[in-house]
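The block underneath contains the structure these notes are about, expressed in C-alpha cells.
Every read-out reported here was derived from the displayed coordinates using simple, explicitly stated rules and does not represent laboratory data. This is a predicted model, so every value here is computed, not measured. Glycine gets a Cβ as well: all are built from the backbone with ideal geometry, and neighbour counts include every protein chain shown.
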Amino acid sequence: MRLVMVGSGYVGLVSGVCFADFGHDVVCVDKDPAKIARLQAGEVPIFEPGLDALMEANVKAGRLSFTTDLPSAAGDADAIFIAVGTPTRRGDGHADLSYVYAAAREIAGVAAEGAVIVTKSTVPVGTGDEVERIVAEVRPGAGIAVVSNPEFLREGAAIEDFKRPDRIVVGTDEEHARKVMTEIYRPLYINQGPLIFVNRRTSELIKYAANAFLAMKITFINEMADLCEKVDADVQDVARGIGLDNRIGSKFLHAGPGYGGSCFPKDTLALVKTAQHAESPVRLIETVVSVNDLRKKRMAQKVIAACGGSVAGKRVAVLGLAFKPNTDDMRDAPSLDILPMLQQAGAEIIAYDPESMEQARPLLPGITFASGAYDCLEDADALVIITEWNAFRALDLKRVKAALKRPIVIDLRNIYRPNEMAALGFSYHGVGRKD
C-alpha cells in the first residue's frame, strides 16, 4: 500500500521506517526543510537503536522517501498518517492540537477520494471528531475516513515494539477504513499482534489511560521507596515481592527520580485536563502528576543531604542526563530539575551522557560536559547517577573511587548493591534501599 507520514519526528519517522520495512511504499513529509535534507542525506536526526540501518535499507530498496511536498506525496496515498507533536499548551495544561488541526486541513485539500486519514499523534478524546469536521468542511463528499491509531512505542525499544506489539488499537466504525487498516497491519499477523477495533473516542482514551496507568505504577513504587527508607526496608525486594503477583507484574516497578520523557508528563496532564473538562475528575492521576513533580525536586535534596547537608563550592559529577537510557531525549528529564537546584545550592556540575549532551547543552547552562564517564569523575566530591545506561552499570569501581575526591555515590537508579559499595569504602546512597 502507499502510505504518507505527516510529521517526521520520533513517532512519524519510526512508524514510517517500520511500515516501509513491512513492504509498503512510504513517504515521510515534514515542513522543516533542514530535517528533510538530513533525512535525504541518510542522517537520522534522533537516536533510536537500529533505526539508522533500517532506514538506510528501505531507502535503498526504494520503499522509503522524504519530502516537504505534501501534495505530491498524498495525491495517490491509500492512507495518510498524522504524526505531529501535541505538546502541553502553555497556560492551561491542555494538549496543543494546533499542529494536528493544521495538518488535517492541509491533508484534506490534497488527499484522494476515499483515502483514510489516520491520527497517530497522541490526542485527547474527541479530537478525531474535530478532524472529521475539518475534512468535511474542506472536502465535502470526498468519502475520506478519519481513524484513530495511537502508538505504543517505548523510546529505546521502538522498532521491537512496532514489529512485535502487544496490541494494535484502531478506532473506526467505517468498514472501508477497517479494511484499509487491516491491510496496512497484515504483515504483523505472523507476529500475532492483536488488532483491536473500537470506536474512535475509545481508541483515543486507551492511549491516555495506558500511559497514566504506567505513570501511576512508577509513582507508586517511588512512594514505597520513600517509606522503605523510613522503616528500614528495601524497595528492590518490595518490588520483586509484589511484581511476582501476575495481577501486578514487575514492569515499571523500579524506584527512581521520577518519570519524564515525551509522553508520560504531557499525557497525564492532558488526561487530567480532559477529565476536568468532562466534569469527571481523575483524582488518582492528579495526585500522580503532583507527586512526580515534587519527587524530582526531592532528589536534589537527597544529593545535598548525602554530601553532608551542603554542596556549596563542591564539584558534583553526574552520569546520565536523558530521561531514560537508549535515547537522546531530554524532554522533562529529571536532570532538568535536579541539576539546576544543585547549581542554585552552590554546586559545580560536570556531567556525561553517551547520547544526549548535544540536546542538554542549551537546557542546562553553566554545566561542564565531560568526554567520558571517568573524565567526569575526576576530583569530584560526589557522583550522582541519574540515567541507567548500560555503560554505567559496569564501571570499574576501584577506578571510580580513585578518581573521586570523596567516595560519595548517590545512585538514583539503584544500579549497584549497597553492601558491595560499602565493602569498597563508598558512602553509598540508593533510593529506598537498606544501607
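Just a few scattered comments:
- q = 0.12, 0.15, 0.17, 0.18 Å⁻¹, the range 212-429: log10 I(q)/I(0) [Debye, one scatterer per Cα]: -0.65, -0.99, -1.25, -1.37
- Length gained when the stretch residue 399-residue 423 is fully extended (0.36 nm per residue, less Cα-Cα span): 7.2 nm
- Cα-projected label distance for residue 247 with residue 298, points at 7 Å along beta-carbon direction, nm: 2.7 nm
- Dipole of the chain computed with +1 at Lys/Arg Cβ and -1 at Asp/Glu Cβ about the Cα centre; of 278, 422, 117, farthest Cα towards the positive end is 422.
- Leading residue at positive end of dipole, the range 212-429 (Cβ point charges), from 400, 246, 309: 309
- Total lysine pairs whose alpha carbons fall under 27 Å of each other in the range 2-198 (8 or more apart, or interchain): 10
- Separation between Cα centres of the range 345-399 and the range 82-97, rounded to whole Å: 32 Å
- Per-pair calculated FRET efficiency, R0 = 45 Å: residue 40 and residue 137 via Cβ, rounded to 0.05: 0.85
- For the range 409-432 and the range 110-142, distance of Cα centres in Å: 53 Å
- Highest GNM mean-square fluctuation among 345, 423, 73, for the chain modelled with Cα contacts below 10 Å: 423.
- Candidates 357, 55, 224, ranked by Gaussian network fluctuation over the chain, Cα under 10 Å, top entry: 224
- Gaussian network model of the chain, springs between alpha carbon atoms under 10 Å - residue of 121, 98, 203 with greatest fluctuation: 98
- With the convex hull of the Cα atoms taken as the outline of the chain, the averaged projected area works out to 21.9 nm².
- Size of charge dipole - the range 212-429 - debye, nearest 20, with Cβ of Lys, Arg +1 and Asp, Glu -1, no other charges: 200 debye
- The coefficient of translational diffusion for the range 2-198, derived via Stokes-Einstein from the alpha carbon Kirkwood radius under 37 °C and 0.692 mPa s, stands at 195 µm²/s.
- Cβ-based exposure ranking for 123, 147, in which fewest neighbours within 10 Å come first: 123, 147
- Net charge dipole, the chain: roughly 920 debye, given to the nearest 20, about the Cα centre with Cβ charges of +1 for Lys and Arg and -1 for Asp and Glu.
- The slack between residue 101 and residue 164, meaning 0.36 nm per residue of separation minus the straight C-alpha distance, is 19.6 nm.
- What separates the Cα centres of the range 1-61 and the range 261-283 is a distance of 31 Å.
- Backbone N within the range 331-351 under 13 Å of label point (7 Å from residue 363 Cα along the Cβ vector): 331-340
- The ranking of 287, 127 from fewest to most other beta carbons within 10 Å of each one's beta carbon is 287, 127.
- Set of lysines with alpha-carbon distance to residue 230 below 21 Å, sequence-local pairs under 8 removed: 217, 296, 297, 302, 434
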